[in-house]
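Read-outs throughout are calculated quantities, based only on the coordinates presented, and are distinct from any laboratory measurement. Everything quoted here is computed from the prediction, not taken from an experiment. We place every Cβ from the backbone using ideal geometry, glycine too, and count neighbours over all the protein chains shown.
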Amino acid sequence: MAARFKVKRKGIGQMLRMPGMEAEMKRRAEVIKSVAVSISPVDERSPDPGHYKGSWETDSTRRGGRRRDRAVGYVRNTAYYARWVEYGTERVPAHHVLLRAAQIGGRDQ
């Protein structure tokens, strides 16, 4: 006889908000951050070389996602010019540091 399984949405929601789930999201964010730091460009001619590379940070919460119903991990760069490094400008090519870090870090999990 086959086993039966009944899904309870409340139970799945609780599972997605468990402290262990948040810890795993934080761990994955740390892996992506370490890859981002290693591939971040450094402009030696700038007034503060290495500022972009040193501005990576991670965070996590149990109430994330579109409906605030699951644990999530965040990776961000706090340098004011981070979006221009990521997406580029008319004169500066895009580096896509966070995109590449997520792709590489996602494989290392």
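Observations on the model:
- Remark on the range 9-107: Rg and Dmax equal 16.0, 55 Å (Cα only).
- Estimated inter-spin distance, Met15 and Arg67, nm [label 7 Å along Cα→Cβ]: 1.5
- Each of the peptides 85-94, 52-61, 3-12, 16-25 was scored by the mean count of other Cβ atoms within 10 Å over its residues; in descending order, highest first, they stand as 52-61, 16-25, 85-94, 3-12.
- For the chain, the relative contact order works out to 29 percent when only alpha carbon pairs closer than 8 Å and six or more residues apart are counted.
- Extension gain, Arg83 back to Arg4 (0.36 nm per residue minus Cα-Cα distance, nm): 23.5 nm
- ³J(HN,Hα), Karplus 6.51/-1.76/1.60, whole Hz, each residue of the range 69-83, x for Gly, Pro: 10, 8, 6, 9, x, 10, 10, 8, 10, 8, 5, 4, 9, 4, 5
- For Tyr74, the residues whose modelled amide H falls within less than 5 Å of its own, excluding neighbours fewer than 5 places apart on the same chain, are Asp59, Ser60.
- If R0 is 41 Å, the Cβ-Cβ spacing of Glu90 and Ser34 corresponds to a FRET efficiency of close to 0.85.
- Anchor Lys33: lysines whose Cα lies under 16 Å away (excluding residues fewer than 8 positions away in-chain): Lys53
- 3J(HN,Hα) along the range 2-10: 6, 6, 10, 9, 10, 7, 10, 4, 4 Hz, from the Karplus curve 6.51 cos²θ - 1.76 cosθ + 1.60 with θ = phi - 60°, whole Hz, x for Gly and Pro.
- Cα-based helix-to-principal-axis angle, 19-39 vs the chain, degrees rounded to 10: 20
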